[in-house]
């Protein structure tokens with residue numbers, strides 16, 4: 001869901017202790033021998049042209065309680081942060 005300004009502010013106010021690192025499981029496991037991968041040409045070209053290669057190194061997850069104005073019930077909001 002796209003974040004509203006209120007939810008973005010609340011996520012920004014979370015303390016460092018409330019963020020936990022996400023360790024994602026691999027999509028699948030190789031049941032036989034791994035195949036030989038071709039050379040990563042795209043990364044080499046990016047470096048040759050002097051661009052910065054941006055890749056995701058870590059993700060963090062945090063949560064907080066939120067109650068919309070016209071609701072009586074509180075909801076748990078889970079936030080994923082990619083620094």
Percent RCO, i.e. relative contact order, over the chain, from Cα pairs under 8 Å lying at least 6 residues apart: 30
Mean ellipticity per residue at 222 nm, deg cm²/dmol - from DSSP H runs of n ≥ 4 across the chain, formula -39500 (n - 2.57): -5000 deg cm²/dmol
For peptides 21-33, 44-56, sequence by mean Cβ density within 10 Å, most packed first: 44-56, 21-33
Option label - Kirkwood radius over Cα pairs in Å computed here, alternatives [x] 17.0; [y] 13.8; [z] 13.1: [x]
FRET efficiency estimate (nearest 0.05) - Cβ-Cβ, residue 75 to residue 46, R0 41 angstrom: 0.50
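Where a number appears in this text, it was derived from the coordinates with a stated rule and is not lab data. These numbers come from a predicted model, not from an experiment. All Cβ positions, even for glycine, are placed from backbone atoms using ideal geometry, and neighbour counts span all protein chains on display.
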